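Quick notes on the structure that follows.
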């Protein structure tokens, strides 16, 4: 087990040693880089990271440059989990044979977008988690294929306009419900699964540290507001993130699975004092603009009912202790 | 020469034993007919405590090769095995393995590609990966599957090469055919392969590395041509390793193997289990006074152009056997041969035989027929048959390119 890094305040955290360097080419206001920094800077242990094809990969390792001050590999779109499972297996094998490169603890992380997690990388993730490799999988969830110009994924929420689920004269955009990936990963009996948002940095860092300390595979669903395709001003990313949390569109919660009792323990990590209507969250983003036409108002009403039900469900699981 | 032990084994067990003796750090694999026994044998080695490395039983061949790439980049010895559809599923990642210059060894038990589904041997999987940047060796019997698998680690991990190596063997005809063979003692086999030499390991925190970066117009071409430079220049290293192995084992191997070629008027050029059948056919026809010979391609990639040119220099008629449907052109081995002839101003009558698809039998009688065709061409002083012929095809006879 490695050391838990002590973090007192935001200034100290933001000035700690950078393992994900600036100079990358992510869009201004992109939440990915904020989440990644928060996660890799949350430990002082050595790291090996894999990343699926997508915004983070494309923008952080354009040869001959790299933003990564830790070992990093990208293979393809659908195999970030399989790739890091191989590296982690090699670490175990060399340690057993006493041929390791270092005696210090090493942590393994896979980063992928929602396309690389909910869709094309789903099988690879499921397999690697089932095999019990000791790694943290972080889904940078911006609810669509943003690297290729904003197409829908199975994470795109109902009513979201994307380039393959556009709003039109007769359509309000995406029709399918967002897949509940966090619950799916909990069902894999990961001992630790959590949802985070970049604006709640203390919560995010605490959860990353908990994941680092948990044996086996852990899963973090990191909601990542995307100014380019959610269509808001780049200066507003953290504001959008805050409203996303305070409207309970992105509940901050965690699920701990106990392999002895087979119990799932839900914990809601943040209860907004003043729960905002989802309308406020939607109004901040161009991708929902069409829903404010009178003929599509039922979509917003349905959203509110769905979000309320989801929020209620998570709290009921918490209260029941199962 | 080192001490050896006689055994009865099939191609899958032979390859499995070589994997065990090489003390691999990570094997990530997924079962598929006819290479499944390799994965099962290796599982048993793990269960019996005979190997110390990690065995990762993944959920698909795509993940098998992905985990192999992640493991090899981590910094240790890596191997796997597959066939056919599994190989096809891996294709995306086998290009990544060679592009990242990772010395992974893969036993490919060759099998037809669907549709129609067929579990038996042909070379369509080997041909599918021929431009993927892997070194491809061809084992024609179980003994060779063992020997070449040991050599593969040494070739792949050589600092002058650092490329993945596939060792091909014919599904069922090699993989499931029990034969008497010989293996080295564990210490001698490992001594030959040697300890793994690390090169830019991800797992060394003192020197973080980035694998799989993006290169667009500025650098992609340079990377690919340098990769090709390493592959083309691997030929002498392959020869060196095969020679060193011959000194240890007493079994000789070369990138191109010639049998009765020196004075032969008619030659068959082929790869795989048909090599054994062709050798017998040559012996039979030689007894009858026919000047026939065989050239077996041991190194499919990088293609040994010079050695092939030397092997065919005296031939008057050449029959090239391809065990894969060429789909819209001539067979790949035929094309290689034709290129070598043009490059060397060599003229001969050249015919292409597409044979053995989906495990269709090819016997000495069929091969005699091919030598007869070739002799007919020699006699006429020109090609007297359409370029593509079939062997043992049922129903309407088919040939292509008059």
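Scan region B:211-226 for residues that are within 27 Å of the chain's Cα centre (by Cα) and within 11 Å of chain A (Cβ to nearest Cβ) and the total you get is 2. Here is a check on your reading of the model: is residue B:201 within 27 Å of residue B:302 (Cα to Cα) and touching a strand residue (DSSP E or B) at 6+ places or on another chain (Cβ under 9 Å)? Spelling it out, residue B:201 is indeed within 27 Å of residue B:302 (Cα to Cα) and touching a strand residue (DSSP E or B) at 6+ places or on another chain (Cβ under 9 Å).
Apart from one condition, residue A:86 fits all of (1) touching a helix residue (DSSP H, G or I) at 6+ places or on another chain (Cβ under 7 Å); (2) more than 9 Å from chain B (Cβ to nearest Cβ); (3) crowded, with 24+ Cβ neighbours inside 10 Å; the exception is (2).
Checking each residue in region A:58-78 for being touching a residue at least 40 places away in the same chain (Cβ under 8 Å), closer than 29 Å to residue B:59 by Cα and touching a strand residue (DSSP E or B) at 6+ places or on another chain (Cβ under 8 Å) picks out A:58, A:70. The strands (runs of 3 or more DSSP E) found entirely in region B:1-117 that carry 2 or more residues being modelled with pLDDT of 95 or more and within 10 Å of chain A (Cβ to nearest Cβ) are B:26-29, B:54-57.
Residue B:263 falls short on exactly one of the conditions (1) buried (at least 17 other Cβ atoms within 10 Å of the Cβ); (2) away from every other protein chain (no Cβ under 13 Å), and that condition is (1). The set of residues in region B:341-363 being buried (at least 20 other Cβ atoms within 10 Å of the Cβ) and either within 22 Å of the chain's Cα centre (by Cα) or assigned to a loop (DSSP other than H, G, I, E, B) (or both) consists of B:348, B:352, B:353, B:354, B:355, B:356, B:357, B:362. Could you check, for region B:44-52, whether at least one of its residues is in contact (Cβ under 8 Å) with a residue 40 or more places away in the chain and surrounded by fewer than 24 Cβ atoms within 10 Å (Cβ to Cβ)? No. Per the listing A:99, A:92, the residue uniquely assigned to a helix (DSSP H, G or I), surrounded by fewer than 21 Cβ atoms within 10 Å (Cβ to Cβ) and at the interface with chain B (Cβ under 9 Å from one of its Cβ atoms) is A:92. Of all residues in region A:56-83, those that are surrounded by fewer than 24 Cβ atoms within 10 Å (Cβ to Cβ) and more than 7 Å from chain B (Cβ to nearest Cβ) total 5. Of the residues examined, residue B:372 is one that is in a helix (DSSP H, G or I) and modelled with pLDDT of 95 or more. Can you say whether residue B:388 is under 22 Å from residue B:328 (Cβ atoms) and buried (at least 17 other Cβ atoms within 10 Å of the Cβ), as far as the supplied structure shows? Yes; evaluated as a whole, the condition is true for this residue.
Residues considered: B:332, B:319, B:254, B:310. Of these, the only one that is at pLDDT 95 or above and crowded, with 24+ Cβ neighbours inside 10 Å is B:319. Selection of region B:161-196 for residues being touching a residue at least 40 places away in the same chain (Cβ under 8 Å) and within 12 Å of chain A (Cβ to nearest Cβ) yields only B:196. Looking at the structure I just gave you, is residue A:292 without any contact (Cβ under 8 Å) to a residue 12 or more places away in the chain and under 27 Å from residue A:27 (Cβ atoms)? Answer is yes for this residue. Residues in region A:170-200 that are over 16 Å from residue A:141 (Cα atoms) and within 13 Å of the chain's Cα centre (by Cα): there are none. Only one entry of B:126, B:202 meets the criterion of being within 14 Å of chain A (Cβ to nearest Cβ), crowded, with 19+ Cβ neighbours inside 10 Å and touching a helix residue (DSSP H, G or I) at 6+ places or on another chain (Cβ under 9 Å), and that entry is B:202.
So, in region A:128-162, of the ones that are within 14 Å of chain B (Cβ to nearest Cβ), more than 17 Å from the chain's Cα centre (by Cα) and buried (at least 24 other Cβ atoms within 10 Å of the Cβ), which residue ends up farthest from residue A:215 (Cα to Cα)? Among those residues, the one meeting the criterion is A:128.
The values are calculated or read from the model by the stated rules, or taken from the named source; none is laboratory data. This structure is a prediction, so every number in the text was calculated from the model and none was measured. FYI the Cβ positions are ideal-geometry reconstructions off the backbone, even for glycines, and counts take in every protein chain you see.
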